[in-house]
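The values are calculated or read from the model by the stated rules, or taken from the named source; none is laboratory data. Owing to the predicted nature of the structure, the values given are computational and were not obtained by experimental measurement. Cβ sites come from the backbone with ideal geometry, for glycine too, and all protein chains shown count toward neighbours.
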Amino acid sequence: MISSKKFRFICVTAIIVALHVSSGCSLASDRLNVSVFPHLQKGERIIGFSATIISAPLVSLPKIPVGWDFNIVHSFLWKIELNAKIAVGAAAIGENELDDFTNFMVLGEKEENPKFDIQIDMTVTANFETSRIIHFSMHDVQLEAVKQEEKGGCP
């Protein structure tokens, strides 16, 4: 027979484990940091971007720049459309701030069907009158497993 002290310890441990599992904590390898590395021409700044993600949930956007508007549409067909643009010219991202696009998006576990894909189009300008699009296909985007300590809330 187990003592009431041991029984309480077992119950508390079971509750902690259950809460940990139900809180969404999972292995770090099931989440991906997304990075892109745009090559800007002299004087260009980033004024917007759009992303289409297929077969992976958008978990977070940890580096939302101040002065940007975001719109996210998540359809039931495993397709996410993300559109972002500057609200004011001062919010445009220049060459010295390109770190804003390193690990700027976190995706959840990829599904196999439909096939995982991510496409990003970045709008850049040098004069706010004309712009150009830099396209990043699946092969241009850097995907890296989120490290456990980056996930937050999970030991």
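Candidates ASP121, ASP69: the one that is more than 20 Å from LEU32 (Cα to Cα) and either exposed (fewer than 13 other Cβ atoms within 10 Å of the Cβ) or of a type in the set (Asp, Glu) (or both) is ASP69. Within region 75-89, can one find any residue that is modelled with pLDDT of 90 or more, surrounded by 12 or more Cβ atoms within 10 Å (Cβ to Cβ) and among the aromatic types (Phe, Trp, Tyr)? Looking through region 75-89, none of the residues is modelled with pLDDT of 90 or more, surrounded by 12 or more Cβ atoms within 10 Å (Cβ to Cβ) and among the aromatic types (Phe, Trp, Tyr). Applying a threshold of 8 Å to beta carbon distances and a minimum spacing of six or more residues, or different chains, the list of pairs starting in region 126-145 at a residue that is over 17 Å from GLN41 (Cβ atoms) and free of Cβ contacts under 8 Å to residues at least 40 places away in the same chain and ending at one that is of a type in the set (S, T, N, Q) and surrounded by 14 or more Cβ atoms within 10 Å (Cβ to Cβ) reads SER137/GLN119; MET138/GLN119.
Of the residues ALA28, ALA56, which is modelled with pLDDT under 90 and more than 25 Å from VAL124 (Cα to Cα)? The unique qualifying residue is ALA28. Look at (1) part of a strand (DSSP E or B); (2) touching a residue at least 40 places away in the same chain (Cβ under 8 Å) and you find that GLN41 fails only one, number (1).
Residues in region 90-116 that are in a strand (DSSP E or B) and surrounded by fewer than 16 Cβ atoms within 10 Å (Cβ to Cβ): there are none. Can you work out which of the residues in region 59-79 that are of a type in the set (A, V, I, L, M) and assigned to a strand (DSSP E or B) is nearest to the chain's Cα centre (by Cα)? Top of the filtered list is VAL59. Of all the criteria given as (1) closer than 14 Å to ILE54 by Cβ; (2) of a type in the set (A, V, I, L, M, F, W, C); (3) in contact (Cβ under 8 Å) with a residue 60 or more places away in the chain, the one not satisfied by PHE104 is (1). Scanning region 71-93 for residues that are among the β-branched types (Val, Ile, Thr) and either touching a residue at least 40 places away in the same chain (Cβ under 8 Å) or touching a Leu at 6+ places or on another chain (Cβ under 7 Å) (or both) gives ILE72, ILE80, ILE93.
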